[in-house]
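> The structure's right below; bear with me while I get my questions together.
The values are calculated or read from the model by the stated rules, or taken from the named source; none is laboratory data. Not measured: the values here are computed from a predicted model. Here the Cβ is made from the backbone with ideal geometry for all residues, glycine too, and neighbour counts use every protein chain on show. With ligands, DNA and RNA removed, areas are computed over all heavy atoms of the protein, side chains included. Shrake-Rupley method; radii C 1.70, N 1.55, O 1.52, S 1.80 Å.
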Amino acid sequence: MSILRRIVAGVAVAATAAGLTIAGSGAASAAVVTPAVQGTTVQVNITEPLPGQTCLGMLVPPYVAIDLIAPAMSGDLMEVVRALGARDDVIAMRTPGFIRLPVTLPGLPGTLSAENVPPNIYAVTVFCMRSDGPVEPHLFPAVVGPGLDPIIGSVEGSTGS
């Protein structure tokens, strides 16, 4: 198994342990989330949100997955979101424009992005939620950077060097 496949598999296992639905796995969802990587920019387009639904996005390095197991065991997906938000190596995505919000506007299609992302292999993690419903998670793998840089970034992050 290649390094990339192992990393993606590790993120998928941790996400499954956290109770997340892997995007594209056939689970029904309201918001349609479409990620794209261009150089060192990661963008997520969100269409068809439910009324009042807002989405937030993060780029999660795969070595963070092991730290999500304990919050996931609580059964509360918001514990996982809080654990991700407390980490310095998780990159928050924001809306474009002058005022860069960390979430899309409620009930409206939107875009979240992160620029100048360090080369690495990430899990693009998007949580869509509204006050009267469950959190709708989406998870996609993303390779950011040219050549072997993403693999080197991932190895350096996981070893702490």
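> Taking M93, is it open to solvent by less than 70 Å² (accessible area, probe 1.4 Å) and in contact (Cβ under 8 Å) with a residue 60 or more places away in the chain?
Numbers: open to solvent by less than 70 Å² (accessible area, probe 1.4 Å): yes; in contact (Cβ under 8 Å) with a residue 60 or more places away in the chain: no.
In short, no.
> Considering only segment 60-71, state which residues are in a helix (DSSP H, G or I), of a type outside the set (V, I, T) and crowded, with 18+ Cβ neighbours inside 10 Å.
Step one: filter segment 60-71 for residues in a helix (DSSP H, G or I), giving 62-71.
Checking the rest, the ones that are also of a type outside the set (V, I, T) come to 62-63, 65, 67-68, 70-71.
P62, Y63, A65, L68, P71 - these are the residues of segment 60-71 that are in a helix (DSSP H, G or I), of a type outside the set (V, I, T) and crowded, with 18+ Cβ neighbours inside 10 Å.
> Kindly indicate the residue of segment 41-59 that is among the β-branched types (V, I, T) and open to solvent by less than 10 Å² (accessible area, probe 1.4 Å) and also farthest from A31 (Cα to Cα) among those meeting that condition. Before the answer, list the steps.
Restricting attention to segment 41-59, the residues satisfying the condition of being among the β-branched types (V, I, T) are 41-42, 44, 46-47, 54.
Now restrict to residues that are open to solvent by less than 10 Å² (accessible area, probe 1.4 Å): 42, 44, 46.
Numbers: V42: 18, V44: 12, I46: 6 Å.
So the residue we want is V42.
> So for segment 111-130 (the condition being in contact with a His (Cβ under 6 Å, 6 or more places away or on another chain) and open to solvent by less than 70 Å² (accessible area, probe 1.4 Å)), does at least one residue qualify? Outline the logic, then answer.
Kept after step one, since they are in contact with a His (Cβ under 6 Å, 6 or more places away or on another chain), are these residues of segment 111-130: 126.
So of that shortlist, the ones also open to solvent by less than 70 Å² (accessible area, probe 1.4 Å) come out as 126.
Yes.
> Working carefully through the options R100, R87, find the one that is in contact with an Asp or Glu (Cβ under 8 Å, 6 or more places away or on another chain), open to solvent by 50 Å² or more (accessible area, probe 1.4 Å) and over 20 Å from V135 (Cα atoms).
Working: R100 fails: in contact with an Asp or Glu (Cβ under 8 Å, 6 or more places away or on another chain).
The match here is R87.
> Further question: Taking segment 30-40 as the region of interest, how many residues are open to solvent by 40 Å² or more (accessible area, probe 1.4 Å) and outside any strand (DSSP E or B)? It would help to see each step written out before you state the result.
From segment 30-40, those open to solvent by 40 Å² or more (accessible area, probe 1.4 Å) are 32, 34-40; that's our starting set.
Subset that is outside any strand (DSSP E or B): 39-40.
Count: 2.
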